[in-house]
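S.K.: I'd like to ask you about the structure that follows.
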Amino acid sequence: QVQLVESGGGLVQPGESLRLSCAASGGIFCIYAMGWYRQAPGKQRELVATITNSDSRTNYADSVKGRFTISGDKAKNTVYLQMNSLKPEDTAVYYCNLVYRRLTSTFRDAWGQGTQVTVSS
């Protein structure tokens with residue numbers, strides 16, 4: 001059973017920083033990519049950033065480019081999201097995403113439980 005354990009959310013003021021972490025474990029044979037998505041109240045879940053495992057290629061939503069940085073630790077199956085210059089519109093539940101496969105399966109998605117990020121003065 002794949003597990004994604006997220007941490008690092010919280011309440012901060014505009015302009016401050018937070019760092020999210022997500023550790024994956026349990027029956028993973030191969031990871032294709034890890035990433036972060038977010039969902040604000042009344043809105044659809046949207047991509048924030050992703051990173052591929054083989055060559056660390058990154059992809060960011062336009063709204064976070066230049067402020068957020070995604071990175072990974074392959075040895076720990078962990079992905080991080082450094083969020084700087086946070087804005088109130090960054091307020092959302094942030095979800096970790098893993099694209100992986102087991103030894104005898106095709107690639108599939110797994111999701112974390114979500115961590116709340118609130119940016120407010």
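The values are calculated or read from the model by the stated rules, or taken from the named source; none is laboratory data. As the structure is a computational prediction, the values presented were derived from the model and not from experiment. Here Cβ is always computed from backbone atoms with ideal geometry, including for glycine, and neighbour counts include all displayed protein chains. Note: areas computed on protein heavy atoms with side chains; ligands, DNA, RNA excluded. Shrake-Rupley method; radii C 1.70, N 1.55, O 1.52, S 1.80 Å.
S.K.: How many residues, within region 88-121, are at positive phi and in contact with a helix residue (DSSP H, G or I) (Cβ under 6 Å, 6 or more places away or on another chain)?
M.R.: Residues flagged as at positive phi and in contact with a helix residue (DSSP H, G or I) (Cβ under 6 Å, 6 or more places away or on another chain) within region 88-121 amount to 0.
S.K.: Residue by residue through region 27-55, note down the ones that are charged (D, E, K, R) and over 15 Å from the mean Cα position of the chain (by Cα). Walk me through how you get there before you give the answer.
M.R.: Looking only at region 27-55, we keep the residues that are charged (D, E, K, R), and these are 38, 43, 45-46, 55.
If the condition is that a residue be charged (D, E, K, R) and over 15 Å from the mean Cα position of the chain (by Cα), then Lys43, Asp55 are the ones that fit.
S.K.: I'd like the full set of residues that are touching a Gly at 6+ places or on another chain (Cβ under 9 Å) and open to solvent by less than 30 Å² (accessible area, probe 1.4 Å), limited to region 1-20. Working first, answer last.
M.R.: Going through region 1-20, the residues touching a Gly at 6+ places or on another chain (Cβ under 9 Å) turn out to be 1-6, 9, 18-20.
Hits for region 1-20 are Val2, Leu4, Glu6, Leu18, Leu20.
S.K.: For residues in region 93-121 being in a strand (DSSP E or B) and of a type in the set (Lys, Arg), which is nearest to the chain's Cα centre (by Cα)?
M.R.: Restricting attention to region 93-121, the residues satisfying the condition of being in a strand (DSSP E or B) are 93-101, 108-111, 115-119.
Then drop every residue that is not of a type in the set (Lys, Arg), which leaves 101, 108.
Details: Arg101: 18, Arg108: 16 Å.
Among those residues, the one meeting the criterion is Arg108.
S.K.: Okay, moving on. Out of region 47-92, which residues are free of Cβ contacts under 8 Å to residues at least 40 places away in the same chain, part of a loop (DSSP other than H, G, I, E, B) and surrounded by fewer than 16 Cβ atoms within 10 Å (Cβ to Cβ)?
M.R.: Result: Ser54, Asp55, Ser56, Arg57, Ala61, Asp62, Ser63, Lys65, Gly66, Arg67.
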